[in-house]
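Below is one structure, written out as C-alpha coordinates; comments come after it.
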Amino acid sequence: MLGTTRYITLEAAKKMMAAAEAEAIRNNWKMAISIVDEAGNLILFEKLDDTQPGSIAVANSKARTAANFKRPTKVLEDMVTSGRTPFLAIEGLLPLQGGVPVSAEGRVIGAVGVSGGTAAQDEQVAMAAVAVLG
(Lines give C-alpha, C1' and ligand atoms only; values in the text may rest on other atoms or scores of the structure.)
Protein backbone atom coordinates (compact mmCIF):
# COMPACT_ATOMS: atom_id res chain seq x y z
CA MET A 1 0.00 0.00 0.00
CA LEU A 2 1.12 3.48 -0.83
CA GLY A 3 2.31 5.01 2.44
CA THR A 4 -0.28 3.21 4.56
CA THR A 5 0.51 0.40 6.91
CA ARG A 6 -1.15 1.39 10.16
CA TYR A 7 -2.45 4.83 9.26
CA ILE A 8 -2.92 7.21 6.36
CA THR A 9 0.27 9.22 5.98
CA LEU A 10 0.13 12.84 4.95
CA GLU A 11 1.86 11.88 1.69
CA ALA A 12 -0.81 9.26 0.96
CA ALA A 13 -3.59 11.70 1.89
CA LYS A 14 -2.18 14.25 -0.56
CA LYS A 15 -2.19 11.65 -3.36
CA MET A 16 -5.73 10.62 -2.45
CA MET A 17 -6.83 14.26 -2.46
CA ALA A 18 -5.23 14.87 -5.87
CA ALA A 19 -7.15 11.91 -7.31
CA ALA A 20 -10.45 13.05 -5.79
CA GLU A 21 -9.92 16.62 -6.96
CA ALA A 22 -9.06 15.43 -10.48
CA GLU A 23 -12.24 13.32 -10.62
CA ALA A 24 -14.39 16.25 -9.50
CA ILE A 25 -12.75 18.70 -11.91
CA ARG A 26 -12.95 16.23 -14.82
CA ASN A 27 -16.72 16.11 -14.27
CA ASN A 28 -17.08 19.83 -13.49
CA TRP A 29 -18.43 19.09 -10.00
CA LYS A 30 -18.03 21.62 -7.18
CA MET A 31 -17.13 19.57 -4.12
CA ALA A 32 -15.79 19.57 -0.60
CA ILE A 33 -13.46 16.63 0.13
CA SER A 34 -12.38 15.44 3.57
CA ILE A 35 -9.84 12.76 4.52
CA VAL A 36 -9.78 11.58 8.14
CA ASP A 37 -7.84 9.08 10.25
CA GLU A 38 -9.32 5.98 11.88
CA ALA A 39 -10.75 8.05 14.77
CA GLY A 40 -12.40 10.52 12.39
CA ASN A 41 -9.83 13.28 12.94
CA LEU A 42 -9.13 15.50 9.95
CA ILE A 43 -5.94 14.84 7.97
CA LEU A 44 -6.66 16.87 4.84
CA PHE A 45 -9.53 18.96 3.48
CA GLU A 46 -10.24 20.83 0.23
CA LYS A 47 -13.16 22.86 -1.01
CA LEU A 48 -13.10 23.39 -4.75
CA ASP A 49 -13.88 26.91 -5.97
CA ASP A 50 -17.56 27.84 -5.90
CA THR A 51 -18.59 24.84 -3.78
CA GLN A 52 -21.56 25.61 -1.54
CA PRO A 53 -20.39 26.37 2.02
CA GLY A 54 -22.80 23.83 3.52
CA SER A 55 -20.84 21.03 1.88
CA ILE A 56 -17.89 21.62 4.22
CA ALA A 57 -19.63 20.25 7.31
CA VAL A 58 -21.35 17.50 5.32
CA ALA A 59 -18.09 16.19 3.81
CA ASN A 60 -16.41 16.18 7.22
CA SER A 61 -19.39 14.39 8.81
CA LYS A 62 -19.54 11.77 6.05
CA ALA A 63 -15.83 11.01 6.49
CA ARG A 64 -16.13 10.77 10.29
CA THR A 65 -19.19 8.53 9.99
CA ALA A 66 -17.47 6.15 7.54
CA ALA A 67 -14.40 5.93 9.79
CA ASN A 68 -16.27 5.54 13.07
CA PHE A 69 -18.82 3.02 11.80
CA LYS A 70 -16.29 1.24 9.52
CA ARG A 71 -18.59 1.10 6.53
CA PRO A 72 -19.66 3.24 3.60
CA THR A 73 -22.26 5.81 4.58
CA LYS A 74 -24.44 4.44 1.76
CA VAL A 75 -24.95 1.29 3.86
CA LEU A 76 -26.22 3.41 6.75
CA GLU A 77 -28.39 5.49 4.41
CA ASP A 78 -29.96 2.30 3.04
CA MET A 79 -30.70 1.10 6.59
CA VAL A 80 -32.49 4.35 7.42
CA THR A 81 -34.46 4.50 4.16
CA SER A 82 -35.54 0.88 4.66
CA GLY A 83 -37.18 1.85 7.93
CA ARG A 84 -34.47 1.62 10.59
CA THR A 85 -35.01 5.25 11.55
CA PRO A 86 -33.75 4.80 15.16
CA PHE A 87 -30.25 5.08 13.62
CA LEU A 88 -30.97 8.79 13.19
CA ALA A 89 -30.71 9.18 16.98
CA ILE A 90 -27.08 8.02 17.07
CA GLU A 91 -24.76 10.91 17.82
CA GLY A 92 -22.20 11.56 15.12
CA LEU A 93 -23.98 9.53 12.44
CA LEU A 94 -24.64 11.08 9.03
CA PRO A 95 -26.32 8.42 6.89
CA LEU A 96 -25.83 10.07 3.49
CA GLN A 97 -23.97 8.44 0.61
CA GLY A 98 -20.50 9.85 -0.07
CA GLY A 99 -18.43 8.59 2.86
CA VAL A 100 -16.10 5.64 2.20
CA PRO A 101 -13.77 3.91 4.66
CA VAL A 102 -10.10 3.34 3.83
CA SER A 103 -8.71 -0.06 4.78
CA ALA A 104 -5.21 -1.51 4.98
CA GLU A 105 -4.13 -4.89 6.22
CA GLY A 106 -7.74 -5.81 6.93
CA ARG A 107 -8.60 -2.86 9.16
CA VAL A 108 -10.12 0.57 8.70
CA ILE A 109 -7.42 3.24 8.92
CA GLY A 110 -9.50 6.27 7.93
CA ALA A 111 -12.10 7.48 5.48
CA VAL A 112 -12.95 9.93 2.73
CA GLY A 113 -16.08 12.08 2.73
CA VAL A 114 -17.33 14.14 -0.20
CA SER A 115 -20.23 16.57 -0.57
CA GLY A 116 -21.44 18.96 -3.24
CA GLY A 117 -22.91 16.78 -5.95
CA THR A 118 -25.53 14.08 -6.08
CA ALA A 119 -25.09 11.15 -3.70
CA ALA A 120 -23.65 8.98 -6.48
CA GLN A 121 -21.28 11.76 -7.61
CA ASP A 122 -20.04 12.26 -4.05
CA GLU A 123 -19.29 8.55 -3.72
CA GLN A 124 -17.61 8.44 -7.15
CA VAL A 125 -15.16 11.15 -6.07
CA ALA A 126 -14.55 9.42 -2.72
CA MET A 127 -13.87 6.13 -4.49
CA ALA A 128 -11.35 7.85 -6.77
CA ALA A 129 -9.42 8.87 -3.67
CA VAL A 130 -9.54 5.39 -2.14
CA ALA A 131 -8.49 3.76 -5.44
CA VAL A 132 -5.08 5.48 -5.22
CA LEU A 133 -4.19 3.17 -2.34
CA GLY A 134 -5.29 0.14 -4.40
Expected single match for free of Cβ contacts under 8 Å to residues at least 40 places away in the same chain and either of a type in the set (F, W, Y) or touching a helix residue (DSSP H, G or I) at 6+ places or on another chain (Cβ under 6 Å) (or both) among L76, L94 is L94
Residue identified as within 18 Å of K15 (Cβ to Cβ) and polar (S, T, N, Q) among Q124, Q52
Q124
Among (1) of a type outside the set (F, W, Y); (2) closer than 26 Å to R6 by Cβ; (3) surrounded by fewer than 17 Cβ atoms within 10 Å (Cβ to Cβ), the one test that T81 misses:
(2)
Qualifying positions in segment 86-134 - in a loop (DSSP other than H, G, I, E, B), aliphatic (A, V, I, L, M) and under 22 Å from A22 (Cβ atoms)
V132, L133
When the residues of segment 58-79 are narrowed to those that are part of a helix (DSSP H, G or I) and of a type in the set (D, E, K, R), which ends up nearest to the chain's Cα centre (by Cα)?
K62
Considering each of I56, I109, I33 in turn, give the residue that is buried (at least 20 other Cβ atoms within 10 Å of the Cβ) and out of contact with any helix residue (DSSP H, G or I) (no Cβ under 6 Å at 6 or more places or on another chain).
I109
Would you confirm whether any residue within segment 114-122 is of a type in the set (A, V, I, L, M) and surrounded by fewer than 19 Cβ atoms within 10 Å (Cβ to Cβ)?
yes
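From the list E77, E91, E23, pick out the single residue that is out of contact with any strand residue (DSSP E or B) (no Cβ under 7 Å at 6 or more places or on another chain) and under 14 Å from V130 (Cα atoms).
The unique qualifying residue is E23.
Going by what's in this entry, would G92 be described as on the phi > 0 side of the Ramachandran plot and either crowded, with 22+ Cβ neighbours inside 10 Å or modelled with pLDDT of 95 or more (or both)?
Details: on the phi > 0 side of the Ramachandran plot: yes; either crowded, with 22+ Cβ neighbours inside 10 Å or modelled with pLDDT of 95 or more (or both): no.
Answer is no for this residue.
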Considering (1) more than 27 Å from E105 (Cα to Cα); (2) among the polar types (S, T, N, Q); (3) buried (at least 21 other Cβ atoms within 10 Å of the Cβ), say which one T73 fails and leave the rest.
(1)
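The values are calculated or read from the model by the stated rules, or taken from the named source; none is laboratory data. What you are looking at is a predicted structure, and each value in this text was computed from that prediction instead of being measured. Ideal geometry is used to build each Cβ from the backbone, glycine not excepted, and the neighbour counts take in all protein chains shown.
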